[in-house]
Amino acid sequence: MVDENKIDPVILHQGLAKVRNRRWILWASILVYMPGLLIALDMQASGGTMAKLFAAWIALICVSVGLATIVSCPRCNNSYHTNGPTFLPVRKCVHCGLAVNADKTK
Ligand SMILES: [Zn+2]
């Protein structure tokens, strides 16, 4: 178990703020689907328009997942959410277990 106190708290805070930011982008991208779908239905969008919107949403999700994947852990410097081919958007580092809000609990 690595001692969290050994890391510069400023670096820890900045790193985790970035992780939280990327997580927020990811969830926001996923959640925008429902209101987006309802708005499109309300506007009586055609099948073609719906397909384009869906493709745009998939692209948005891919970018968000990409951003969340490359963000690195401030403690162990590994990718925070990714262990090999597995992407796990959990609330702690998949390598060292550093919590996403570890800088707030002190
Ligand atoms: Zn870590």
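The values are calculated or read from the model by the stated rules, or taken from the named source; none is laboratory data. What you are looking at is a predicted structure, and each value in this text was computed from that prediction instead of being measured. Cβ sites come from the backbone with ideal geometry, for glycine too, and all protein chains shown count toward neighbours.
See the values below:
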read-out	value
Ala45 over 21 Å from Gly66 (Cβ atoms) and in a loop (DSSP other than H, G, I, E, B)	yes
Complete set of residues in segment 91-106 that are free of Cβ contacts under 8 Å to residues at least 40 places away in the same chain and more than 12 Å from the ligand (Cβ to nearest atom)	Arg91, Lys104, Thr105
Near pairs, Cβ below 7 angstrom, 6+ apart or cross-chain, from segment 70-81 (among the basic types (Lys, Arg)) to any residue that is within 8 Å of the ligand (Cβ to nearest atom) and in a loop (DSSP other than H, G, I, E, B)	Arg75/Cys93; Arg75/Cys96; Arg75/Leu98
Residue in segment 74-89 that is farthest from the ligand (Cβ to nearest atom), counting only those that are loosely packed, with under 13 Cβ neighbours inside 10 Å and in a loop (DSSP other than H, G, I, E, B)	Pro85
Among (1) in a helix (DSSP H, G or I); (2) modelled with pLDDT of 90 or more; (3) surrounded by fewer than 17 Cβ atoms within 10 Å (Cβ to Cβ) - the single one Leu26 does not satisfy	(3)
Yes/no for Ala56 being part of a helix (DSSP H, G or I), within 16 Å of the ligand (Cβ to nearest atom) and modelled with pLDDT of 90 or more	no
Any hit, segment 61-72, residues being within 11 Å of the ligand (Cβ to nearest atom) and among the polar types (S, T, N, Q)	yes
